[in-house]
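What follows is one structure encoded as structure tokens, with my remarks underneath.
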Amino acid sequence: NPSSSSSTQNSAVPELPGFYYDPEKNRYFRLLPGHNNYNPLTKESIQYKAMECKRLRLLEEEEQKKKTTRAGLNSSMLLQKRQLGSLSSTSYCRLVHELKVSCMQRRKIEIHSPDSSVAGTNNFKIIVADVACERIFTVNDVEHGGCKYGIISLSGLGKESLAVEMYDNLYFTNRKVNSVCWASLTHPDSHVLYPFLKAKSHKLCLMGIAETPGCASLLPASLFSSTNSGDRPGMLCSFKISTAWSCAWCLNPQADNCFSTGLTRRVLVTNVVTGHRQTFGTSSDVLAQQFATQTPVLFNGCRSGEIFSIDVRQRNRKGQSWKATRLFHDSAVTSIRLLEAEHYLMAADMAGKIKLWDLRSAKIVKQYEGHHNEYAILPLHVNEEEGLLTAVGQDCYTRIWSLQDACLLRTIPSPHPSSKDAIPSVVFSSRLGGRQGVPGLLMAVRQDLYHYSYN
């Protein structure tokens, strides 16, 4: 509340209902509805002004040399401790990444596209990197409504020009998506899986507006290629579904060629080769999903705050309890991420809470403070090799924590003014562009792509 924050700074000034105290002008102003043209002072405008001042101040601080989060942490101290044997190689690498993250500098990336008419004209909505971080699948909002999809090759990031190639396939457009993931069907990261929303058509019928069903599409990544001849390759699949909130691809051989979609009050597991389906009814919408790799187990996060797992080898029978692990948040779960050993699960919710669960004891072992969320479905990004957790809040700030002790290492303001339709989408890796790639953070916001590079 802006008025309460102003009274905190001026404790001698009483707070009056319906009024806002401006410390600069040393007077009260009446708060009016947003539609009033004579006095546009509203809570929303005051809050936006305060947020914008904070963002600009942090951007100025970003230009200056960053202080490290941990006192005394510097490269020479780390090297000395490593040489003396008081620091293990794992701890040394983790702390080096912490040090580098605190000093990352922003540079804008030039996006080249074979179709110059569409390059940089649409706002980024989602970016998702493949496992090797060589390519990024992008979902962009288009001006006339709907989305367009593309793949960005990161091979140019290591060059001085700092440019990337973006390939669009304009055949697949005009459908809104909530979730995207890479799928390994014919080879690793060969396809992209995304469920379309259930959309209303404009065709009138006797019952009113007809609804077109949603569908989950499996799209070959080769469609987005400079060498693509225009022929549509095999294994281009679409499966009719109702409104989907989330999707996940299974890499465990016991549930080969399977993907899951989180729907309204049910989970649907589909084999793309045989077309076989398994349906699991739930009491709430499934907003987040991830398969384990060591076992064919699917983890689900729900709008009710429940997280549960399903072993997809079992048949769903009426009256039979098929939920295995069950965890509970106080708010809707928006993202879940299994850690590599699959004994721990990271989860974020719409109250801005990020918790690390021990799946063996079903207890919270760590909480990561500072994330901001009220109603958006926002992803978590876990980089275990670097020991980092990254999340973008609804306030448009990108925050990076230490996985080990939950220390907030860096808060990065957005290069653009904050708004609900300009929440950045990010990818972090120490190998952007492949094994010989460059480390850092990629941020897509509005029509721009930025690289926060290690120095």
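The values are calculated or read from the model by the stated rules, or taken from the named source; none is laboratory data. All values reported here derive from a predicted model rather than from experimental measurement. Please note: Cβ atoms are built from the backbone with ideal geometry, for glycine as well, and neighbour counts cover all protein chains shown. Side chains are part of the model used for accessible areas, which takes the heavy atoms of the whole protein and leaves out ligands, DNA and RNA. Shrake-Rupley method; radii C 1.70, N 1.55, O 1.52, S 1.80 Å.
Tabulated values for the structure
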read-out: Criterion (crowded, with 20+ Cβ neighbours inside 10 Å and aliphatic (A, V, I, L, M)) met by exactly one of Ile310, Ile377, Ile364; value: Ile310
read-out: Test: Pro417 is surrounded by fewer than 16 Cβ atoms within 10 Å (Cβ to Cβ) and either assigned by the TED database to the domain that holds Ile354 or under 17 Å from the mean Cα position of the chain (by Cα) (or both); value: yes
read-out: Test: residue in segment 393-409 that is open to solvent by 40 Å² or more (accessible area, probe 1.4 Å), under 24 Å from Ala71 (Cβ atoms) and not in a loop (DSSP other than H, G, I, E, B); value: yes
read-out: 2 or more residues charged (D, E, K, R) and modelled with pLDDT of 75 or more: qualifying helices (runs of 4 or more DSSP H) within segment 1-104; value: 43-63, 75-84, 89-102
read-out: Any hit, segment 168-179, residues being in the same structural domain as Val445 (by the TED database), at pLDDT below 80 and buried (at least 21 other Cβ atoms within 10 Å of the Cβ); value: yes
read-out: Total residues in segment 284-294, condition of a type in the set (Gly, Ala, Ser) and either surrounded by 24 or more Cβ atoms within 10 Å (Cβ to Cβ) or more than 11 Å from Leu263 (Cα to Cα) (or both); value: 2
read-out: Condition check for Val297: open to solvent by less than 10 Å² (accessible area, probe 1.4 Å) and free of Cβ contacts under 8 Å to residues at least 60 places away in the same chain; value: no
read-out: Output for segment 373-395, where each listed residue is in contact with a Lys or Arg (Cβ under 9 Å, 6 or more places away or on another chain), at pLDDT 95 or above and of a type outside the set (S, T, N, Q); value: Pro379, Leu380, His381, Val382, Leu388, Leu389, Ala391, Val392, Gly393
read-out: Ser260 vs. criteria open to solvent by less than 10 Å² (accessible area, probe 1.4 Å) and at pLDDT 80 or above; value: yes
read-out: Test for Gln278: is it within 23 Å of the chain's Cα centre (by Cα), open to solvent by 10 Å² or more (accessible area, probe 1.4 Å) and on the phi < 0 side of the Ramachandran plot; value: no
